[in-house]
Amino acid sequence: MATGRTHRPATRSRGIPEATVARLPLYLRALTALSERSVPTVSSEELAAAAGVNSAKLRKDFSYLGSYGTRGVGYDVEYLVYQISRELGLTQDWPIVMVGIGNLGAALANYGGFASRGFRVAALIDADPAMTGKSVAGMAVQHADDLEKIIDENGVSIGVIATPAGAAQQVCDRLVAAGVTSILNFAPTVLSVPDGVDVRKVDLSIELQILAFHEQRKAGESPVDEAEGAVGVEGPAAKVTKPAAAKNNADRKGPDGDVPAVMPA
Ligand SMILES: NC(=O)c1ccc[n+]([C@@H]2O[C@H](COP(=O)([O-])OP(=O)(O)OC[C@H]3O[C@@H](n4cnc5c(N)ncnc54)[C@H](O)[C@@H]3O)[C@@H](O)[C@H]2O)c1
């Protein structure tokens, strides 16, 4: 019988804000680096700087975990690593399946960072019969016909979709019907899922488009300059004034300024 598939993140049921949940991996990454250097304690300021977060926000975030540190000493690094890992559900094994083992799927399968963070790639699945049995990242690719069986046998609750956009919804529906309750979607399409299923979307081209927007602003070429003289450019975007755009840009920066590369679906 499959295990773990009805697990919901305890963090939400315990009332930790989503924004705090989204920062926990940043703290964990910084803390893991400290732990690897055998640093025993860290101040909120040092940890905030290492995680790229404002220190007052960090203290507030940690208060949700019931972790307040010791005045003059700071936070115990090992204990915080444990606490945050537990809060994120990383103290247990999460088998994942990847569907669509083309260029991107194969690259993801070869990425060692999943396993080191507790995500075991249980199966690689592709619909192309020519891919079946092929070795990718040391695993034999399995045919999509067996998707339901593979999910059941491995107790999978997290699926990664790296198929073409046109196939993604159908793959998603099959994953969900088979018991998957969390999906990481790389395909450039919006997925419909029933209540109780979480979808996170990664789209690097959107990130590049946002960077292009800011590059354009830095170069002092706001669309409004061109729009004013251009024919047929209308709409709210063309009405943005330069100072407002500059303010928006400034608002994005600061200690928490990075827009996460993984956007909520
Ligand atoms: N999110 C991002 O930042 C990002 C970056 C690159 C690519 N992509 C997207 O990722 C997807 C994959 O890109 P790619 O370059 O690897 O494409 P690809 O064509 O190399 O690979 C797609 C694979 O999916 C398989 N496939 C098709 N239908 C399937 C189905 N129903 N079930 C199982 N497997 C199926 C194909 O056989 C193929 O092996 C595309 O949707 C692409 O747009 C996203």
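The values are calculated or read from the model by the stated rules, or taken from the named source; none is laboratory data. Please read these numbers as outputs of a predicted model, since none were measured by experiment. When we count neighbours, we look across all protein chains shown, and the Cβ atoms used for this are built from the backbone with ideal geometry, even at glycine.
Scanning the stretch 78-101 for residues that are in contact with a Ser or Thr (Cβ under 8 Å, 6 or more places away or on another chain), within 16 Å of the ligand (Cβ to nearest atom) and not in a strand (DSSP E or B) yields a count of 1. Of the candidates TYR111, TYR75, the single residue that is in a strand (DSSP E or B) and not charged (D, E, K, R) is TYR75.
In the set ASP152, ASP128, only one residue is in the same structural domain as GLY105 (by TED's automatic domain parsing) and without any contact (Cβ under 8 Å) to a residue 60 or more places away in the chain; that residue is ASP128.
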